[in-house]
Amino acid sequence: MAGSSDAFMGRLSGRIGNLVVYQMYGKTVVRIRPNNRSKKATGLLKASQDDFKEVVAVLSRCKHLLRLGFAAEAVNRSAWNAALSANLKNYREAENKALGNWLQLSKGKGDMADDWQVSQDQEGRLCLSWKQLPRENSWPNDKLIVFILAENPEAQALIEITSAQRRHEQAVLDIELSKMGKTAEIFTAFIAADYNGNLKPEGISNSVWAGQLNLE
């Protein structure tokens, strides 16, 4: 793929031979149409394709989460593309492919907390706790974001910007979890109280895996 902020003959679009030209985020983009292949991919190419399919399958359940989590990274590209790029890199570098080792649902310069604990109380509510150490890019009133990814592949991932603040070091969420299967992966992040997503990486933190919740 090639890109330019100004096409050499104006704003082009359409097909030129095996080239496809179109406009995206203010740039002229040129792609080469792939040739039909009669042979199946093998070796490193097959492994690369498999990695891509695995990451896309997971992220496809989280599109609505990524629009917020990667808004600050969507510069000359979509939040989806920013998230795909980051997660594909994470996946390929992770020795253990469990979700908690590679999946990232938000990206920013805000600080995170430590020692996350996840559980359910007797009423079935989701309970979280953490330890907040003094850090440069954090504010006591930052809000907690909770991302929930169910074991059930047909269940849509959930996101909730809670009323819990960074300084509280605990939160209890009344969320319906019964349709999510046997387990749910819990990810968390913090977001500035006045965050609007417009190129403010310092206003949101990288997400972290807080733990797996057993729903049986």
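The values are calculated or read from the model by the stated rules, or taken from the named source; none is laboratory data. Quantities reported herein were computed from a predicted structural model and do not represent experimental measurements. Glycine also receives a Cβ, built like all others from the backbone with ideal geometry; neighbour counts cover every protein chain displayed.
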Worksheet item: Just a yes or no: is a residue in region 144-164 free of Cβ contacts under 8 Å to residues at least 24 places away in the same chain, in a loop (DSSP other than H, G, I, E, B) and either in contact with a Leu (Cβ under 9 Å, 6 or more places away or on another chain) or under 30 Å from S85 (Cα atoms) (or both)?
Response: yes
Response to the item:
Considering region 79-105, residues that are in contact (Cβ under 8 Å) with a residue 40 or more places away in the chain and out of contact with any Asp or Glu (no Cβ under 9 Å at 6 or more places or on another chain), and then whichever is farthest from L144 (Cα to Cα), we arrive at Q104
Discussion item. So, L65, is that one touching a Phe, Trp or Tyr at 6+ places or on another chain (Cβ under 9 Å), surrounded by 14 or more Cβ atoms within 10 Å (Cβ to Cβ) and modelled with pLDDT under 90 or not?
Written reply: yes
Worksheet item: A113: at pLDDT below 90 and either aliphatic (A, V, I, L, M) or in contact with a Ser or Thr (Cβ under 7 Å, 6 or more places away or on another chain) (or both), yes or no?
Response: no
Practice prompt. Would you be able to tell me the number of residues in region 129-147 that are at pLDDT 90 or above and in contact with a Phe, Trp or Tyr (Cβ under 8 Å, 6 or more places away or on another chain)?
Written response: 8
Discussion item. So in region 96-141, with the set limited to residues that are closer than 24 Å to V172 by Cβ and basic (K, R), which one is surrounded by the fewest Cβ atoms within 10 Å (Cβ to Cβ)?
Written reply: K131
